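The values are calculated or read from the model by the stated rules, or taken from the named source; none is laboratory data. Since this is a predicted model, take the numbers as computed values, not measurements. Because the Cβ atoms are built from the backbone with ideal geometry, glycine has one as well, and the counts that use them run over all protein chains shown. These area figures cover heavy atoms from the full protein model, side chains too; ligands, DNA and RNA do not enter into them. Shrake-Rupley method; radii C 1.70, N 1.55, O 1.52, S 1.80 Å.
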Amino acid sequence: MATTVWVDGVVTDAATARVPALDHGITVGDGVFETCKVVGGVPFALTRHLARLLLSAAALALPVPSNDELRGAVAETLAADADARGPLAFGRLRITLTGGVGPLGSDRAEGARTLIVAVSPSGPWPPRAAVATVPWTRNERSAVAGAKTTSYADNVVALAEAHRRAAHEAIFANTRGELCEGTGSNVFVAVDGALVTPPLSSGCLAGITRELLLEWAAKEGLPVEERPLPLEVLATAEDVVLTSSTRDVQAVGEVDGRALTGGELGAAAVELFTRRAAEGVDP
């Protein structure tokens with residue numbers, strides 16, 4: 001069983017899991033989700049991920065499951081997965097909430113929703129990532145800016161372009177030409193003695209790993225700031241890191257085919273996150 005799936009209380013594998021054909025998550029991309037890493041069969045930072053799921057759901061006005069229901073679904077999925085193969089050494093857990101079965105249009109059926117939890121093994125990311133900037137933009141004024149929605153077509157197209165250029169990740173600007181985010185990551189750039197990441201007003205997602213790095217850096221005196229940066233900063237930057245729930249803090253070794261030397265701030269961020277994350281599974 002490569003992927004264990006829980007759909008509204010029914011646990012099965014990916015081959016037999018069923019979601020209704022007219023589910024709004026399928027017909028119009030009306031849904032939100034969270035992905036967290038699983039280490040030794042235990043999800044990392046689950047409390048923060050569930051809190052962000054509820055914020056995303058509120059942005060779309062989706063019916064919200066209770067915390068007990070969400071945690072119960074996660075526990076059942078992980079237990080079934082462990083029964084099938086033993087505790088997962090390393091993988092990813094995805095929680096998806098959609099608008100449920102609805103009409104063939106943007107209107108919703110009142111009170112409908114579908115809850116899906118899936119877990120599967122994952123391989124490790126390389127120590128250094130190659131990234132490619134893409135010509136498409138994030139809309140920082142979108143109705144769903146900052147929400148982690150299932151409408152990922154922009155990301156699919158951008159990531160395919162990055163892969164075509166032998167890169168692991170695509171990097172977006174926003175409509176103002178400011179550095180924003182990757183398809184599934186936040187970006188930090190060493191500028192004037194500090195690691196700088198775009199503010200949430202840029203339209204980027206409030207990443208959980210980004211959030212933890214900001215908190216831990218503030219406590220330990222690592223200079224990290226939130227402020228706008230032009231996308232062009234990547235053309236000359238030598239020290240860049242990505243953050244995401246499955247990659248943690250990952251150094252960038254190449255931008256648009258240009259090799260980066262790396263630097264002390266990026267290396268310190270990798271060390272800091274690795275060390276603090278090892279202190280507990282639900283920081």
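Matching residues to (1) touching a helix residue (DSSP H, G or I) at 6+ places or on another chain (Cβ under 6 Å); (2) among the acidic types (Asp, Glu); (3) within 21 Å of Ser142 (Cβ to Cβ):
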residue	(1), (2), (3)
Asp8	no, yes, no
Gly25	no, no, yes
Lys37	no, no, no
Arg48	yes, no, no
Leu54	no, no, yes
Leu62	no, no, yes
Val74	no, no, no
Leu78	no, no, no
Inset, instruction - Could you grab the pairs with beta carbons closer than 8 Å, sequence gap of 6+ or different chains, first residue in the range 233-244 and at pLDDT 95 or above, second one of a type in the set (Asp, Glu) and not in a loop (DSSP other than H, G, I, E, B)? - result: Asp239/Glu264; Leu242/Glu169
Legend entry - Which numbered condition Leu54 misses (of (1) within 18 Å of Ala206 (Cβ to Cβ); (2) in contact (Cβ under 8 Å) with a residue 24 or more places away in the chain): (2)
Legend entry - From Gly29, Gly25, residue being surrounded by 21 or more Cβ atoms within 10 Å (Cβ to Cβ), in contact (Cβ under 8 Å) with a residue 60 or more places away in the chain and not in a strand (DSSP E or B): Gly25
Inset, instruction - For the range 110-122, name all the residues that are assigned to a loop (DSSP other than H, G, I, E, B), open to solvent by 50 Å² or more (accessible area, probe 1.4 Å) and out of contact with any Pro (no Cβ under 8 Å at 6 or more places or on another chain). - result: Glu110
Inset, instruction - Identify the residue in the range 210-228 that is open to solvent by 10 Å² or more (accessible area, probe 1.4 Å), in contact (Cβ under 8 Å) with a residue 12 or more places away in the chain and of a type in the set (A, V, I, L, M) and, among all such residues, is nearest to Arg94 (Cα to Cα). - result: Leu214
Inset, instruction - Name every residue in the range 32-70 that is assigned to a strand (DSSP E or B), open to solvent by less than 50 Å² (accessible area, probe 1.4 Å), out of contact with any Phe, Trp or Tyr (no Cβ under 8 Å at 6 or more places or on another chain) and closer than 29 Å to Gly86 by Cβ, in order of residue number. - result: Phe33, Glu34, Thr35, Pro43
Legend entry - Pairs with Cβ under 6 Å, 6+ apart, first in the range 119-135 and closer than 21 Å to Glu178 by Cα and without any contact (Cβ under 8 Å) to a residue 40 or more places away in the chain, second open to solvent by less than 50 Å² (accessible area, probe 1.4 Å) and assigned to a strand (DSSP E or B): Val134/Ala170
Inset, instruction - Pull up the range 229-283, narrow it to residues that are acidic (Asp, Glu), touching a helix residue (DSSP H, G or I) at 6+ places or on another chain (Cβ under 8 Å) and closer than 13 Å to Ala130 by Cα, then point me to the one that is least open to solvent (accessible area, probe 1.4 Å). - result: Asp239
Legend entry - Residue that is farthest from the chain's Cα centre (by Cα) [pool: residues in the range 130-181 that are in a helix (DSSP H, G or I) and among the β-branched types (Val, Ile, Thr)]: Val157
Inset, instruction - Being in contact (Cβ under 8 Å) with a residue 60 or more places away in the chain and either within 17 Å of Arg258 (Cα to Cα) or in contact with a helix residue (DSSP H, G or I) (Cβ under 6 Å, 6 or more places away or on another chain) (or both) is the filter here, so list the residues in the range 153-165 that pass it. - result: Arg165
Legend entry - Out of Phe172, Phe188, sole residue that is without any contact (Cβ under 8 Å) to a residue 40 or more places away in the chain and touching a helix residue (DSSP H, G or I) at 6+ places or on another chain (Cβ under 9 Å): Phe172
